[in-house]
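Just so you know, all these numbers are worked out from the coordinates, no wet-lab data involved. Worth saying up front: this structure is predicted, and the values here are computed from it rather than measured. We place every Cβ from the backbone using ideal geometry, glycine too, and count neighbours over all the protein chains shown.
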Amino acid sequence: MLDAIDLDCFAVGAGDVQALQRELRMREAGAIFMEGMDQFSGSRVPADMWNVLVYFREVQPSRLLPGPWVAP
């Protein structure tokens, strides 16, 4: 649904989009366990969970930047 918008990235108020106010099946990753969710997916109402959704059409894996915390 969000990919149909002709923008490479944007933010939208979840409560402002009718389609995000109904239960949707979604995948997620994180360290928080929620009852009713399996390890990586479940059904949730996005507008009940988040105030804002940020969309990026393309993403890349993160990488650790050099700094004093990284051993050479």
With θ taken as phi - 60° and the coefficients 6.51, -1.76 and 1.60, list the Karplus ³J(HN,Hα) couplings across segment 58-65 in order, rounded to whole Hz; mark glycine and proline as x.
10, 9, 10, x, 6, 9, 6, 7
Tell me, Arg27, Arg22 in order of fewest to most beta-carbon neighbours within 10 Å?
Arg27, Arg22
Tell me, Trp50, Trp69 in order of fewest to most beta-carbon neighbours within 10 Å?
Trp69, Trp50
Applying the Karplus parametrisation 6.51 cos²θ - 1.76 cosθ + 1.60 with θ = phi - 60° to the phi angles of segment 12-17, what ³J(HN,Hα) value in whole Hz is obtained for each residue in order, glycine and proline being reported as x?
9, x, 4, x, 8, 10
Near the amide H of Leu24, under 5 Å away, which other amide H atoms are found, from residues 5 or more places off or on another chain, if H is placed in the peptide plane?
Arg44, Val45
